[in-house]
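Here is the structure we will look at.
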Amino acid sequence: MTRAHRLGTIFTAAAGVWLLGLVGKLPLPETIQSQIWPVLPLLLVVSLGSYAFINIGYNLVAFRECPEAYHELMQEIQEAKDDLRAKNVDIS
């Protein structure tokens, strides 16, 4: 089973469980079913976005702790600038 099939299966199962809870087929307390359950997908999307934002921010801060990767990236940037200048492209 490929990764896409696995993620699709997990997503379908989670959506099915969420729909069962939404229509009242799961034994949930009334407060959870009426107030929390309908907005659960939104909360999951916001949580995933927050995790991605924090992860990217941390990796940007920790980037200078990898000196060999930093120097390699700076060299590639300089090579790209030189290549563009050779093709008479204005880079400011």
- Name the pairs whose Cβ atoms lie under 8 Å apart, with the first residue in segment 36-47 and under 20 Å from residue 24 (Cβ atoms), the second part of a helix (DSSP H, G or I) and not hydroxyl-bearing (Ser, Thr, Tyr), and 6 or more positions between them or separate chains? 37/18; 37/21; 37/22; 38/22; 40/18; 41/18
- Search result, residues across segment 18-35 that are among the hydrophobic types (A, V, I, L, M, F, W, C) and over 23 Å from the mean Cα position of the chain (by Cα): 19, 20, 22, 23, 26, 28, 32
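Read-outs throughout are calculated quantities, based only on the coordinates presented, and are distinct from any laboratory measurement. Only a predicted model underlies this, so the values are computations on that prediction, with no experimental measurement involved. All Cβ positions, glycine included, derive from the backbone under ideal geometry; neighbour counts span all protein chains shown.
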